[in-house]
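The values are calculated or read from the model by the stated rules, or taken from the named source; none is laboratory data. Bear in mind that the values here come from a model prediction, so they are computed numbers and not experimental data. Because the Cβ atoms are built from the backbone with ideal geometry, glycine has one as well, and the counts that use them run over all protein chains shown. All accessible areas refer to the heavy atoms of the entire protein, side chains included, with ligands and DNA or RNA removed. Shrake-Rupley method; radii C 1.70, N 1.55, O 1.52, S 1.80 Å.
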Amino acid sequence: MMDTPDQIKFLRRIRTALGHAPDVSREVQHLFAEGPSAEDLQLLDRVRQRPAADRQVLLERLIEAGKPINLNVIPLPDSAYATAAIARLVTEKNPEWGEAKKVTAWRHPLIESLNLPEALDRLQVPVHVTAPIPPAADRGFDQAERERQRACIIASFIGVTSADFCLADTATLVLRNRPGQPRSVALVPSIHIAVITLDQIVADMKELFALLRWVAHFRPEGLSNYMSFISGPSKTADIEATMVHGAHGPREVHLFVVTDLTG
């Protein structure tokens with residue numbers, strides 16, 4: 001089918017705006033890079049060879065960027081300190097609705113290393129750990145299990161997750177949506193606690209997308225899987241221009257950064 005004159009005119013303007021010849025169409029394979037650019041290689045090299053001192057600088061930048069958006073960034077030496085810090089928050093904080101304290105946590109290697117069910121059992125606070133639903137499960141079991149897990153998440157006043165990355169420049173957590181790691185754990189409870197390690201902090205979006213596109217470990221999921229970008233607690237100023245936290249998600253977000261990378 002032939003392009004109409006208006007379509008031809010529109011495409012000519014687009015090509016000109018992009019700095020290309022207005023009447024020359026490019027082949028599809030030329031639109032998408034087959035390998036990293038010189039800038040991407042520089043970014044990847046910077047991340048790969050980042051010394052401990054520079055990681056500390058990124059952490060300090062993250063802490064400062066989190067302050068104006070009410071993201072509480074707390075460095076901790078190891079996972080035992082993270083467990084104790086979460087237990088302390090569970091003790092100090094109260095549910096927004098009702099009186100029963102319940103917690104939901106991701107099934108994730110870093111979160112599982114915290115042994116939260118055991119630690120919070122001493123406080124008589126139940127912990128629901130999310131679990132992937134077996135792919136071979138029949139439709140009835142699948143639906144019932146989804147409803148059960150959804151009810152547990154809704155009943156929890158604290159949700160504990162990890163993250164794939166954290167952007168230091170904007171204090172932004174980057175979470176992928178995977179089986180056993182639903183994004184609702186970070187969005188539904190009134191308080192969101194995220195636990196990451198120091199090496200998961202990157203400088204900015206450029207480093208993030210270079211890693212996702214070109215590093216073999218991340219390429220299988222690449223840019224295709226769902227990602228949540230979380231910068232502090234939910235906030236709105238729709239009503240009389242008054243800032244309110246927790247209107248559309250958690251009212252508090254706490255980020256614990258485990259700094260000991262040898263454990």
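If I filter region 161-175 down to residues being assigned to a strand (DSSP E or B) and in contact with a Lys or Arg (Cβ under 9 Å, 6 or more places away or on another chain), which single residue comes out as farthest from E99 (Cα to Cα)?
Among those residues, the one meeting the criterion is L175.
Any idea which residue in region 85-113 is modelled with the lowest pLDDT, counting only those that are open to solvent by 50 Å² or more (accessible area, probe 1.4 Å) and of a type in the set (A, V, I, L, M, F, W, C)?
Restricting to residues being open to solvent by 50 Å² or more (accessible area, probe 1.4 Å) and of a type in the set (A, V, I, L, M, F, W, C), the top hit is W97.
Between residues in region 201-226 that are free of Cβ contacts under 8 Å to residues at least 40 places away in the same chain and residues that are open to solvent by 80 Å² or more (accessible area, probe 1.4 Å), which pairs lie under 7 Å by C-beta distance while being six or more apart or on different chains?
The qualifying pairs are L212/L223; G222/R213; L223/R213.
Checking the conditions here, which among P75, P68 is in contact with a Gly (Cβ under 9 Å, 6 or more places away or on another chain) and either on the phi < 0 side of the Ramachandran plot or not in a helix (DSSP H, G or I) (or both)?
Criteria check complete, one pass: P68.
Open to solvent by 60 Å² or more (accessible area, probe 1.4 Å) and touching a strand residue (DSSP E or B) at 6+ places or on another chain (Cβ under 6 Å): which single residue out of R183, R178 fits that description?
When all the criteria are applied, what remains is R183.
Which residues, taken from region 149-163, are touching a residue at least 12 places away in the same chain (Cβ under 8 Å) and not hydroxyl-bearing (S, T, Y)?
Q149, R150, C152, I153, I154, A155, F157, I158, G159, V160, A163
Just for region 219-263: of the residues that are open to solvent by 80 Å² or more (accessible area, probe 1.4 Å) and within 14 Å of the chain's Cα centre (by Cα), which one is modelled with the lowest pLDDT?
The qualifying residue modelled with the lowest pLDDT is L223.
Only residues in region 133-148 that are of a type in the set (D, E, K, R) count as the first member; pair them with residues that are in a loop (DSSP other than H, G, I, E, B) and open to solvent by less than 60 Å² (accessible area, probe 1.4 Å), Cβ under 6 angstrom, at least 6 apart or cross-chain, and list the lot.
Qualifying pairs under 6 Å: D142/I133; E145/I133.
Select, from Q7, Q42, Q49, Q56, the only residue that is at pLDDT below 90 and either surrounded by 11 or more Cβ atoms within 10 Å (Cβ to Cβ) or out of contact with any strand residue (DSSP E or B) (no Cβ under 9 Å at 6 or more places or on another chain) (or both).
Q7
Among the residues of region 164-184 satisfying the criterion of being farther than 23 Å from I63 by Cα and not charged (D, E, K, R), which is nearest to the chain's Cα centre (by Cα)?
In this case the residue turns out to be N177.
Just the residues that are small (G, A, S) and touching a helix residue (DSSP H, G or I) at 6+ places or on another chain (Cβ under 6 Å), please, taken from region 113-161.
S113, A119, G159
Scanning region 186-218 for residues that are of a type in the set (V, I, T) and under 21 Å from T83 (Cα atoms), which turns out most open to solvent (accessible area, probe 1.4 Å)?
Among residues in region 186-218 that are of a type in the set (V, I, T) and under 21 Å from T83 (Cα atoms), the one most open to solvent (accessible area, probe 1.4 Å) is T197.
Please determine whether any residue of region 145-160 is touching a strand residue (DSSP E or B) at 6+ places or on another chain (Cβ under 9 Å), assigned to a loop (DSSP other than H, G, I, E, B) and open to solvent by 30 Å² or more (accessible area, probe 1.4 Å).
no
Select from region 22-39 the residues that are modelled with pLDDT of 80 or more and part of a helix (DSSP H, G or I) and write down the one among them that is surrounded by the most Cβ atoms within 10 Å (Cβ to Cβ).
Ranking the qualifying residues of region 22-39, first place goes to E39.
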